[in-house]
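Taking it in order: structure first as structure tokens, then the write-up.
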Amino acid sequence: MTPIRAAETPAYDFSGQLVVITGASRGLGEGCARAFAAAGAEVVLVGRSAQPLEVLGEQIVAAGGKARVLVCDVTDAQRVYETIGALERCDVLVNNAGSNKPQPFLEVDLPTLDELLALNVRSMFVVAQSAARLMVAAGRGAIVNMSSQMGHVGGPNRTVYCAAKHAIEGLTKAMAIELAPRGVRVNAVAPTYILTPMTEPYFENERFRQEVIARIPVGRIGEVTEVVNAVLFLSSPHASLITGTSLRVDGGYTAQ
């Protein structure tokens with residue numbers, strides 16, 4: 001697997017800002033954490049396991065950045081309210097924690113259904129609510145919900161994931177309308193298939209890999225940095241008039 005590279009961020013300056021990133025220990029969350037830190041932000045690394053977060057935090061600090069670790073299972077609403085909700089402020093939230101367990105629709109079991117909806121919908125709602133309360137108190141802020149191209153289309157073996165990501169697209173729009181008068185922008189980023197630790201096992205199946213590439217007009221799987229740059233843009237003043245939208249970083253997948 002190609003090592004995750006921090007995005008090049010010469011146009012962005014998040015100095016003095018506190019950026020909260022859920023699911024920060026690997027993949028898209030890790031990429032966002034490194035990029036925001038490189039752009040001057042203090043990053044709050046949120047995840048269930050302390051060890052990988054602490055390693056990432058140490059690496060960020062060693063590179064001259066600022067980071068703190070916040071161990072929190074985002075499916076535990078009370079814990080979210082007590083930790084994220086208790087921060088002194090939140091200038092940017094990258095609402096990223098999520099997962100998928102592909103199953104044919106007729107074979108989806110209730111434990112899987114409940115697990116994926118709890119993580120991909122309920123927890124994202126609660127995290128966003130906690131961060132938004134801090135932002136409203138400050139009169140400003142930006143939230144980026146991590147959606148998916150599957151929040152715009154359907155796909156085989158992905159009924160639960162599609163349902164969850166369509167929910168996030170609706171949540172993003174409704175939050176944006178309600179929070180805009182209070183100085184808070186809310187957008188989503190909807191990636192195509194990106195090579196991350198979560199998706200890497202799928203791509204070891206060469207048939208699956210080629211089927212995926214055949215569906216993406218640009219002819220390749222996406223890279224973490226391409227999603228990270230979209231997140232930074234939507235979080236920055238460069239996107240000051242953008243709220244309630246979903247930026248599809250999908251290589252043309254949903255244009256077909």
*So which residues in the stretch 60-88 are in contact (Cβ under 8 Å) with a residue 12 or more places away in the chain and either over 20 Å from Ser130 (Cβ atoms) or of a type in the set (Val, Ile, Thr) (or both)?*
Ile60, Ala63, Gly65, Lys66, Val69, Val71, Val74, Thr75, Val80, Thr83, Ile84
*asked:* Condition first: aliphatic (A, V, I, L, M), at pLDDT 95 or above and either touching a helix residue (DSSP H, G or I) at 6+ places or on another chain (Cβ under 8 Å) or part of a loop (DSSP other than H, G, I, E, B) (or both). Can you find one or more residues in the stretch 47-61 that meet it?
replied: yes
*Pull up the stretch 89-104, narrow it to residues that are more than 16 Å from Arg133 (Cβ to Cβ) and touching a strand residue (DSSP E or B) at 6+ places or on another chain (Cβ under 9 Å), then point me to the one that is surrounded by the fewest Cβ atoms within 10 Å (Cβ to Cβ).*
Pro102
*asked:* So in the stretch 203-214, with the set limited to residues that are surrounded by fewer than 18 Cβ atoms within 10 Å (Cβ to Cβ) and in contact (Cβ under 8 Å) with a residue 12 or more places away in the chain, which one is farthest from Gln256 (Cα to Cα)?
replied: Phe203
*Residue in the stretch 203-227 that is farthest from Gly170 (Cα to Cα), counting only those that are assigned to a helix (DSSP H, G or I) and touching a Lys or Arg at 6+ places or on another chain (Cβ under 8 Å)*: Phe203
_Checking the conditions here, which among Thr192, Thr196 is of a type in the set (S, T, N, Q) and at pLDDT 95 or above?_
Thr192
_Looking at the stretch 20-27, can you tell me whether even one residue there is surrounded by fewer than 23 Cβ atoms within 10 Å (Cβ to Cβ), among the aliphatic types (A, V, I, L, M), within 18 Å of the chain's Cα centre (by Cα) and not in a helix (DSSP H, G or I)?_
no
*Based on what the data block shows, is Pro191 without any contact (Cβ under 8 Å) to a residue 24 or more places away in the chain and under 28 Å from Ala11 (Cα atoms)?*
no
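The values are calculated or read from the model by the stated rules, or taken from the named source; none is laboratory data. Predicted, not measured: the structure shown is a model, and the values here were computed from it. Reconstructed Cβ throughout: ideal geometry from the backbone, glycine too, with neighbour counts over all protein chains shown.
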